[in-house]
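Heads up, the thing below is written out as C-alpha cells.
What follows is calculated from the coordinates using simple rules that are stated; it is not laboratory data. Since this is a predicted model, take the numbers as computed values, not measurements. Here the Cβ positions follow ideal geometry from the backbone for every residue, glycine too, while neighbour counts run over all protein chains shown.
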C-alpha cells in the first residue's frame, strides 16, 4: 500500500511540475520504480530525450519542493510507432489532491514502532 501511495505522490508531483509545459507535451509515459526510488520518463523523440535529460535535476528539485524526494530520473525514448494519447481526451479520473501537495516538507521514513502500529 505504501508503494501505491508513493507512486501516486510521484505522479502527482510530476504533473504539478511538468503539466502544460513544452517539455511535458512530449512525454509519452511515466513509470515509477519504488525499489530504486527512480522515475522513468518516456519521450516521443531523441531530441526531447536530450532536453529532458538536461532538465532532470531541475525537475527533481521542483518535485522535492512539493514533498516528493526521488533518487533520480531516467529519460528513455518511447518505442517505435508508439502514439501519444490525443490531447483533450482525459487519461485519468479527477482525484482529490494528495496529502503531499498540502505540505512542502520532505517525507521521513517511519520508525519501527510507527510501522508496527500501522499493521
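The alpha carbon centroids of segment 58-83 and segment 1-20 are separated by 10 Å. Per-peptide packing, taken as the mean over residues of other Cβ atoms within 10 Å, places 28-35, 62-69 in the sequence 62-69, 28-35 from highest down.
Just so you know, the averaged projected area of the alpha carbon convex hull for segment 30-72 sits at 3.0 nm².
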